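The next block holds one structure in the form of C-alpha cells; read it before the comments.
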Amino acid sequence: MELVTDIHRATVDFPQEEICGLGGDLRRSAVAVPSNLAHGLRQNSVDRFQRFIGRARESLAAVETQLEVDRSLGYVSGEKNADLLAQVSSVDRMLIELGSWPVGA
C-alpha cells in the first residue's frame, strides 16, 4: 500500500492536463496491484489466486513503464522516480515469493 500512496502523492503535482491522463493511468495501475491480491484471496482456488498474482504483476509492470514515461516527460524527478522504481522492484519480489509458496503452506 505504501507504493500506492507514494504514487498518489507523486502525481498531485502533475500538470493539470495530465491529472486524468498519465497521472490517472499511473494511479489506477498502482491501486490494481493490491486490489488484484485482495480479489485473489477471496477465490476458493489456489490456481485462481495464482492468476490474480499474475494480474498484480502485470499491473506492476504497467506502473514501471508509466513511471519511466512520466520521468522522461519531467513529471517525476529522477530521485523520486528511483525511489518509486525501488518500491516496484520490492513489491515484485514479494509477489514472486508469494506465487512460489507451496499449496497448503
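Rule-based calculations on the coordinates, nothing more; no lab input. Bear in mind the structure is a predicted one, so any value in this text is a computation, not a measurement. We place every Cβ from the backbone using ideal geometry, glycine too, and count neighbours over all the protein chains shown.
Before moving on, here are some points about what is shown:
- Leading residue by the ranking (nearest to residue 29 (Cα to Cα)) among those in region 40-76 that are out of contact with any Ser or Thr (no Cβ under 9 Å at 6 or more places or on another chain), polar (S, T, N, Q) and surrounded by 13 or more Cβ atoms within 10 Å (Cβ to Cβ): 50
- Count of region 1-34 residues, restricted to those that are surrounded by fewer than 15 Cβ atoms within 10 Å (Cβ to Cβ) and either aliphatic (A, V, I, L, M) or closer than 14 Å to residue 69 by Cβ (or both), is 6.
- Long-range neighbours under 6 Å by Cβ, at least six apart or interchain, first residue without any contact (Cβ under 8 Å) to a residue 12 or more places away in the chain and part of a helix (DSSP H, G or I) within region 67-90, second buried (at least 17 other Cβ atoms within 10 Å of the Cβ) and of a type in the set (S, T, N, Q): 71/81
- Filtered residues of region 44-85 (kept if within 15 Å of residue 11 (Cα to Cα) and among the charged types (D, E, K, R)): 64, 68, 70, 71, 79, 80, 83
- Hey, residue 24 at positive phi and free of Cβ contacts under 8 Å to residues at least 24 places away in the same chain or not: no
- The set of residues in region 33-66 being touching a Phe, Trp or Tyr at 6+ places or on another chain (Cβ under 8 Å) and either in a loop (DSSP other than H, G, I, E, B) or in contact (Cβ under 8 Å) with a residue 12 or more places away in the chain (or both) consists of 36, 37, 39, 40, 43.
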